[in-house]
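Contents: one structure, followed by commentary.
The values are calculated or read from the model by the stated rules, or taken from the named source; none is laboratory data. Note that the structure is predicted; figures quoted are calculated from it, not measured. Cβ placement follows ideal geometry from the backbone for every residue including glycine, while neighbour counts extend to all protein chains displayed.
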Amino acid sequence: MVHSCTQQYILACDSVTLVVKPRYYDFYTRGLMPVHHYWPIRNDDKCRSIKFAVDWGNSHKQKAQEIGKAASNFILEELKMDFVYDYQFHVLNEYAKLFKYKPTVPPGATELCAESMACLAGGLEKKFMMESMVKSPSDTSPCTMPPPYDPLIRQSLERRKVTVERQVEVWEKQSRGES
């Protein structure tokens, strides 16, 4: 029921993902909530934290399944390739504004098309490359990126995450007979 991973997300397999608080965050992580989308693992006592998470998941199978399903739904709804491409478009455009020069294509450069890159791949790799390939220009403009969270909302979400993580730590300590 519960599977562990090391510093990576395996959110799309309907299993509870155990996540050590990352040093850096992916672009979508602000929407993930502990004990709703994943199980938080303490960085300072990983082995005991993982053991508690596995024991908890095995004794709370329905809740563990709900966490795994919520993670899968998040991935399916929030990480569609169109959203990823929109995000990348915005990041690259903002990055381009920092340039002090105008980039040019070097003489003798060869353009590679996605189809030729996918031809070298096989199996699932080729399947995923073909599925994620942009097949034609978009009829619409890229999305409008949501504004950054209002500082008060962001602080509220961060406090909520910390509160849930602390609650998990309390449960861990109680399971070991600590107070």
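Observations, loosely collected:
- From the list LYS161, LYS126, LYS173, the one residue that fits, being out of contact with any Pro (no Cβ under 8 Å at 6 or more places or on another chain), part of a helix (DSSP H, G or I) and modelled with pLDDT of 80 or more, is LYS173.
- Failed condition for GLU78, given (1) under 20 Å from VAL164 (Cβ atoms); (2) modelled with pLDDT of 85 or more: (2)
Residues checked against (1) at pLDDT 90 or above; (2) within 12 Å of the chain's Cα centre (by Cα); (3) surrounded by 19 or more Cβ atoms within 10 Å (Cβ to Cβ); (4) more than 19 Å from GLU165 (Cα to Cα):
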residue: GLN8; (1), (2), (3), (4): no, yes, no, no
residue: THR17; (1), (2), (3), (4): no, yes, yes, no
residue: PRO22; (1), (2), (3), (4): no, yes, no, no
residue: PHE27; (1), (2), (3), (4): no, yes, no, yes
residue: ARG30; (1), (2), (3), (4): no, yes, no, no
residue: ARG42; (1), (2), (3), (4): yes, no, no, no
residue: ILE50; (1), (2), (3), (4): yes, no, no, no
residue: LYS61; (1), (2), (3), (4): yes, no, no, yes
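- Test for ALA109: is it of a type in the set (A, V, I, L, M, F, W, C) and more than 18 Å from the chain's Cα centre (by Cα): yes
- Of all residues in the stretch 72-86 being under 13 Å from the mean Cα position of the chain (by Cα) and among the acidic types (Asp, Glu), the one that is surrounded by the fewest Cβ atoms within 10 Å (Cβ to Cβ): GLU77
- Among the residues of the stretch 77-97, at least one is over 21 Å from GLY31 (Cα atoms), of a type in the set (Asp, Glu) and free of Cβ contacts under 8 Å to residues at least 12 places away in the same chain.
- Residue check, VAL105 more than 27 Å from ARG154 (Cβ to Cβ) and not in a helix (DSSP H, G or I): yes
- First in the stretch 57-72 and touching a residue at least 40 places away in the same chain (Cβ under 8 Å), second anywhere and loosely packed, with under 15 Cβ neighbours inside 10 Å and assigned to a helix (DSSP H, G or I), Cβ under 8 Å, 6 or more apart: ALA64/ASN58
- Residue that is nearest to HIS60 (Cα to Cα) [pool: residues in the stretch 156-179 that are of a type in the set (S, T, N, Q) and loosely packed, with under 13 Cβ neighbours inside 10 Å]: GLN174
- For first residues located in the stretch 153-179 and within 24 Å of ALA64 (Cβ to Cβ), partners that are small (Gly, Ala, Ser) and in a loop (DSSP other than H, G, I, E, B) and lie 6+ apart or on another chain with Cβ distances below 9 Å form the pairs LYS173/SER179.
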